[in-house]
Each structure stands twice: as structure tokens, then as C-alpha cells.
Amino acid sequence: MNILETDSARLLTAVRTLLEQKGIVSTAEVMERMATTDAANPGQGGRMVAKAWVDPAYRALLLSDGTKAAEALGIMMRGMPPLGVLENTPEVHNLVVCTLCSCYPRAVLGYPPFWYKSASFRARAVRDPRELLASEWKTVIPDAVKVRVVDSTADYRWMVLPVRPAGTEGWDEARLARIVREGDMIGVTVPGI
Ligand code: FE
């Protein structure tokens, strides 16, 4: 045994070997999932948001079944937790957090930013989301707008459909997709032009 190998690496190898021996998951399936996760990026979520902004039927699908809406754009969702999409409106602003650990809509946004996993972000998002957004992201949510904090879990992942910014009338999907940032889709920022 390699003495430089960490306990967690040994545990991982042992679990993977057992899963394979018992016929539960193959190495090929593990590799496929890793490749899918590595390829995921916020551009995928951005395409979904842009399409929802211009296509009412797609918007309805996105808000009723995020998984199906992602698949409709060719995004691989097989084996991923269900995806829910929360609509920001002039009355409600949604903020996504995983209070327990780091659950994130990886299938459509890729790996979470480092701060998403921090105890500080997780605690402050619950304790005082307005203060967190204003001090860390300069995202000031007016008092008249309700802030809703939504907990992402291992069983259900959340993404935000932001409000389409004023001044983008007549823009096509590709141009709209370029202004959607990762933070807009979890509610730490709002898109602007
Ligand atoms: Fe988590």
C-alpha cells in the first residue's frame, strides 16, 4: 500500500471496487458521470434562462419541470437529482443555498464556486440574506421585494430564473445568454446590461 495515499482516497477506491463487484455501478458509468459533471458549465443554465425569456412555452416548462427543460436543450440529466427552477419577480427574489453542505445544480451550472461551500456563506444566507447580498455582491434588494432563501439538497436542486433586464427588448437568445452570469442563476447577483 502506498503510504502517501490518504484515508479518503483508500475509502473511495474500496467503495468503487465494491460497487463494481456487486454489479451496482460500473467504472464506465462512473467515468461517464465524471465527464458529464466536468463538462457542465454556467453557459448551459444561461441558455435555459435566455430561452425562457423569449419563449413563453419554454418558460412554462422550465418553471414546472427544470429537468425536462434542461433535457430539451440537450443537457444530460440522467442520474442527476431533480432540478427545480424558481422565478424571480418584481415581488420576490430567490437565493439558493445548501445549508447542510454544498448541493448545487451542477448539471446546468457546473461545479459550485468555492465560497458556496463555506460555513460563512451558508450561515449568513439564512441569518441575513439581504445584508449578505449587499455587502458581498453589492446586490441591493429593495425592502419592498421579499427575499426567499431556498435550501438545495441531495434530493432536489434549485436554480433561479432571473428577471430579464430592461433594455434588452428585441435581443435574440444568443445575445441574452451572454449577459446571464452564474451568480444570477443562484440569486447572489441580478443580470444587468
Ligand atoms: Fe449539500
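In this rough spin-label picture, where each label sits 7 Å from Cα along the Cβ direction, the residue 148-residue 102 distance is 2.8 nm. Across region 177-193, coupling constants 3J(HN,Hα) worked out from phi with the 6.51/-1.76/1.60 Karplus curve, θ = phi - 60°, read 4, 6, 9, 8, 9, 4, x, 5, 8, 10, x, 7, 9, 10, x, x, 10 Hz, and Gly and Pro carry x. The portion of the accessible surface of the chain made up by carbon and sulfur, rounded to a whole percent, is 59 (1.4 Å probe; DNA, RNA and ligands excluded). As a length-normalised measure over Cα pairs under 8 Å and 6 or more apart, the relative contact order of region 41-185 settles at 35 percent.
Based on protein heavy atoms only, the chain ends up with 55 Å² per residue of surface accessible to a 1.4 Å probe.
Excluding same-chain neighbours fewer than eight residues apart, the lysines reachable from residue 68 by a Cα-Cα span under 17 Å are 51. What does the charge count around residue 172 come to, taking other residues whose C-beta lies under 11 Å from its C-beta (Lys +1, Arg +1, Asp -1, Glu -1)? Residues near residue 172 contribute +2 overall. Estimated at 0.36 nm per residue, the fully extended path between residue 120 and residue 156 surpasses their Cα-Cα distance by 10.7 nm.
Here the Karplus relation 6.51 cos²θ - 1.76 cosθ + 1.60, evaluated at θ = phi - 60°, turns the backbone of region 43-49 into coupling constants of x, 5, x, x, 5, 5, 4 Hz, with x for every Gly and Pro.
The values are calculated or read from the model by the stated rules, or taken from the named source; none is laboratory data. Bear in mind the structure is a predicted one, so any value in this text is a computation, not a measurement. Here the Cβ is made from the backbone with ideal geometry for all residues, glycine too, and neighbour counts use every protein chain on show. Each accessible area value is taken on the protein alone, full model and side chains, heavy atoms only, with ligands, DNA and RNA left out. Shrake-Rupley method; radii C 1.70, N 1.55, O 1.52, S 1.80 Å.
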